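The values are calculated or read from the model by the stated rules, or taken from the named source; none is laboratory data. These numbers were taken from a predicted model, which means no experiment stands behind them. A quick note on method: Cβ atoms are made from the backbone with ideal geometry, for glycine too, and the neighbour counts reach across all protein chains shown. Keep in mind that these areas ignore ligands, DNA and RNA; they rest on the heavy atoms of the full protein, side chains included. Shrake-Rupley method; radii C 1.70, N 1.55, O 1.52, S 1.80 Å.
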Amino acid sequence: MKIIVCVKQVPDTAATMTVDNGAISWGDAPLIINPWDEFAVEAALNLAADQGGEVIALCLGKEGETEAIKHALAMGADSAVMVSDPALEGADNVAASKVLTAAIQKIGEADLVLFGQQSVDTDTGLLPVQTARLLKWPSLTLVSKFESVNPGDGKIQVLRSMEEAGQVVDSSLPAVVSVTKDYGEPRYPSFMGIRKASKAEYPVWSLADLGIETPSSSIVWPEVTEPVKKEIVTEIIEGETPEEKAKSLVEKLIAEKVL
Ligand SMILES: Cc1cc2nc3c(=O)[nH]c(=O)nc-3n(C[C@H](O)[C@H](O)[C@H](O)COP(=O)(O)OP(=O)(O)OC[C@H]3O[C@@H](n4cnc5c(N)ncnc54)[C@H](O)[C@@H]3O)c2cc1C
């Protein structure tokens, strides 16, 4: 079985975002693999271990920004492909899905393409569905469990986890699947895995290598603003005894119409 797992590079989740003259900055924050994508890598590795097969990590990003791919390789992915082209600066989801689709088709013969649920920086959760549509493959979103995967019969059954219900879905292969965190904890890269990943070589494909023109973007960001900052006032409740402090707290909550 051939599984492609799409991984994105994002700023460290502990980083603070600022907006300066409409430009987003995460300062000097290191880049990490999008945390949601670790669940997709974990699922891909388990499926390949069960069924036999290979896992290929695919990342669209700036050349030299390798953290997502290295992390997927360190977790155990067999190989990786990076797609990078200066013409893709500021590309929107539609453009990104066209490029990922071309790369998936160039890799060829995939049974499954796995995605994370969403990216933590731009956060649309749209790319898995858009890519499935372009590939003309079924799209199975928010998957927390692979009930059965049978490439021989071209069949897959998954459990989709929504907030208030689970839904078992049967579909055909090849398919695009987005994996939720309910799938289960992703493994930590092993020391050997990290060493192997640090020496790994993989192709970096440009748009010309994919044989496609620069896809046009339909959505631009004419303005980006920071969320309105809320002023938080902290007050220490004074009192001689716990009862006195509790009484004072209740009076303040009533005065503020919280109670
Ligand atoms: C400098 C910069 C400028 C941008 N300008 C614009 C703009 O003008 N207009 C606009 O609409 N968007 C813009 N974007 C956003 C960009 O288009 C999105 O990051 C991209 O389309 C992916 O969408 P998403 O992050 O919402 O992914 P989601 O759909 O939330 O991600 C879902 C899953 O898709 C996969 N995935 C996401 N991104 C990648 C990737 N790059 N490689 C491999 N797999 C991936 C991961 O598995 C992820 O879990 C810009 C981004 C940057 C960094």
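Some notes on this structure:
- Backbone N within the stretch 86-107 under 11 Å of label point (7 Å from Ser206 Cα along the Cβ vector): 86-87
- Computed helical MRE - 222 nm, the chain, DSSP H runs ≥ 4 contributing -39500 (n - 2.57), nearest 500: -9000 deg cm²/dmol
- Gain upon complete extension [Glu147, Trp221; 0.36 nm per residue less C-alpha separation]: 22.6 nm
- Choice from Ile24, Ile56, Ile237 showing the highest fluctuation, given a GNM over the chain with Cα pairs closer than 10 Å: Ile237
- Using a simple spin-label model with pseudo-atoms 7 Å out from Cα toward Cβ, Leu126 and Ser25 lie 2.8 nm apart.
- Principal-axis tilt of helix 242-255 within the chain, Cα atoms, nearest 10 degrees: 80
- Residues whose placed amide H lies under 5 Å from that of Leu58, excluding near-sequence neighbours: Val5, Cys6, Val7, Val81
- Positive-end extreme of charge dipole, the stretch 2-210 - chosen from Ile194, Leu134, Leu31 (charges on Cβ): Leu134
- Net charge over other residues, Cβ less than 10 angstrom from the Cβ of Ala15 (K, R count +1; D, E count -1): -3
- Computed label-point distance, nm, for sites Ser198 and Ile232 using a 7 Å Cα→Cβ extension: 3.8
- Cross-link partners of Lys106 among aspartates and glutamates, defined as those whose alpha carbon lies under 12 angstrom from its own and excluding same-chain residues fewer than eight positions apart: Asp209.
- Of Ile33, Ile236, Ile69, the residue with the greatest mean-square motion in the GNM of the chain, using alpha carbon springs below 10 Å, is Ile236.
- Proximity of backbone amide H atoms, modeled 1.01 Å from N, is registered between Ile32 and Val10, Asp12 at under 5 Å, excluding neighbours fewer than 5 places apart on the same chain.
- Apportionment of accessible area to carbon and sulfur, the stretch 2-210, percent (1.4 Å): 48
- Placed amide H near Ser119: partners under 5 Å, 5+ positions off or other chain: Thr124, Gly125
- Among Ala15, Ala23, Ala77: highest mean-square fluctuation, GNM of the chain, C-alpha pairs under 10 Å: Ala23
- For the stretch 2-210, the convex hull drawn through the C-alpha positions has a volume of 127 cubic angstrom per residue.
- Sequentially through the stretch 177-193, phi angles give Karplus couplings (6.51, -1.76, 1.60; θ = phi - 60°) of 10, 9, 9, 8, 6, 5, 4, x, 4, x, 6, 7, x, 7, 4, 4, x Hz, Gly and Pro residues having no value and appearing as x.
- Taking every DSSP bridge with both residues inside the stretch 94-250, close to 60 percent are antiparallel.
- With a threshold of 32 Å on the Cα-Cα distance, the over-threshold entries among Lys8/Lys196; Lys229/Lys252; Lys136/Lys199; Lys181/Lys229; Lys2/Lys62; Lys181/Lys252 are Lys136/Lys199; Lys181/Lys252.
- Spatially proximal lysines relative to Lys245 (Cα-Cα < 26 Å; intrachain offsets below 8 disregarded): Lys257
- Computed from phi, the 3J(HN,Hα) profile of the stretch 5-16 under the Karplus parametrisation 6.51, -1.76, 1.60 (θ = phi - 60°) reads 10, 8, 10, 10, 9, 9, x, 3, 5, 7, 6, 9 Hz, with x in place of Gly and Pro.
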